[in-house]
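Colleague: Sharing a structure, written as structure tokens. Questions coming.
The values are calculated or read from the model by the stated rules, or taken from the named source; none is laboratory data. These numbers were taken from a predicted model, which means no experiment stands behind them. Don't worry about glycine lacking a Cβ; one is built from the backbone with ideal geometry, like all the others, and counts go over all protein chains shown. Surface areas here come from the heavy atoms of the whole protein model, side chains and all, with no ligands, DNA or RNA. Shrake-Rupley method; radii C 1.70, N 1.55, O 1.52, S 1.80 Å.
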Amino acid sequence: MSPGIDQKLGDLIVDKAVSLGASLAGLVSGESVRNAPSYQASKDVYLSEDIQSFIVMALEHGEKDLYLDWWDGNLGTEGNRQLIRISRRLKKWLKKTYGITAYDSPYFIQKGGVFLKDAAVLAGLGVIGKNNLLITQQFGPRVRLHALCVNAIIEQPTFLLDFSPCVHCHRPCMTACPQNAFQSGKYDWRQCKLQLEKDEKDNTALKNTGTMYYGSVCIKYCRKCELACPVGKT
Ligand code: B12
């Protein structure tokens, strides 16, 4: 039988993830995620019943560290590499200390990945904002997410944050979009994708040295709806 994760162990896992470099972390059961809006709305994607729980991690991608989100070819982004490194250490620690097996959830849904925003909301990391992104209290939407699948049942119930950041906001996220993706009042991913495709065409070679990958590609995908959000700005 799989081991269980009680509240105390859940808190220890969150603390460990943060000590390894995650900005925020939380846990959620596979069942809660399967019942969340994105799986309920998707006809052709399923989340394996074998996945009992997720550890969801967020890494701050603030305005001072824009390079974290620059796409440098097959090697992805520096922010994602940092999340993978944190995950690798957390997996080792879980196995060694508690005998719990964890593995990375793929990024793309079609490859078996989880809807990360749903998982993050249910893990208590934030709420879905009018810009269609996960909004955290600490960093606004300026985070990137990664999840570990865990073969252990979480005993603590799912909780949702009592946080409504968009209610009294004049919504600069909506006017910031260069493609008017919020014209109807709701996010239109087709319009958004037009901008991301434009960004791909405009990619510049990354000439920086130092901590970044010295590659031939550097795509700076649009983040205007995130960067315009006032939540979490000091
Ligand atoms: C496919 C994809 C895209 C597509 C399409 C997105 C879409 N909405 O359809 C494109 C390429 C256009 C895109 C654009 C962007 N993306 Co994108 N994308 C993804 C990916 C791979 C899957 C998302 C998906 O298919 N969602 C399904 C669609 C139908 O749902 P949705 O629009 O997200 O809306 C659902 C939720 O809002 C949810 N929901 C609503 N209310 C509630 C309430 C509760 C309680 C719950 C539980 C859920 C919930 O239900 C909705 C319907 O299913 C994820 C990574 C992942 N594995 O999750 C990243 C991801 C969502 N993207 C991300 C980002 C940052 C972006 C961009 C800013 C581009 C960029 N610079 O990276 C833009 C932002 C656009 C925007 N304002 O939403 C981040 C979001 C971080 C955050 N703070 O939320 C993610 C998580 C990747 C990451 N590295 O962390 N993306």
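Colleague: Which value in nm describes the separation of the simple spin-label points at residue 81 and residue 48, placed 7 Å from the Cα toward the beta carbon?
Modeller: 2.8
Colleague: Can I ask one more? For a paramagnetic label modelled at 7 Å from the Cα of residue 40 toward its Cβ, which residues of the stretch 130-154 fall within the zone defined by backbone nitrogen distances under 19 Å?
Modeller: Those under the cut-off are 130, 132-134.
Colleague: Under the rule of at least 5 residues apart or a separate chain, name every residue whose amide H is placed under 5 Å from the amide H of residue 232.
Modeller: The answer is 140.
Colleague: Right, something else. With charges only on Cβ, +1 for K and R and -1 for D and E, what is the dipole size of the chain about its Cα centre, in debye, rounded to 20?
Modeller: 440
Colleague: Are there trypsin sites (Lys or Arg not before Pro) in the stretch 26-85 that DSSP puts in a loop and that have at most 11 other Cβ atoms within 10 Å, and which ones?
Modeller: Passing sites in the stretch 26-85 are 43.
Colleague: Give me the extension gain from residue 18 to residue 138: residue separation times 0.36 nm, minus the current Cα-Cα distance, reported in nm with one decimal.
Modeller: The residue 18-residue 138 span can extend by a further 41.8 nm.
Colleague: Measure off 7 Å from each Cα along the Cα-to-Cβ vector at residue 153 and residue 196, then give the distance between these two points in nanometres to one decimal.
Modeller: That separation, rounded to one decimal, is 3.7 nm.
Colleague: Counting only residues 5 or more places away or on other chains, whose amide H sits under 5 Å from the amide H of residue 53 once H atoms are built in the peptide plane?
Modeller: The answer is 30, 150, 152.
Colleague: Quick one: how many Å² of residue 42 are accessible to a 1.4 Å probe, rounded to 10?
Modeller: Result for residue 42: roughly 30 Å² accessible.
Colleague: Sort by residue number and report every cysteine in the chain with no other cysteine beta carbon within a distance under 4.7 Å.
Modeller: When partners are defined as cysteine Cβ atoms under 4.7 Å apart, the chain leaves 149, 166, 169, 177, 192, 218, 222, 229 without one.
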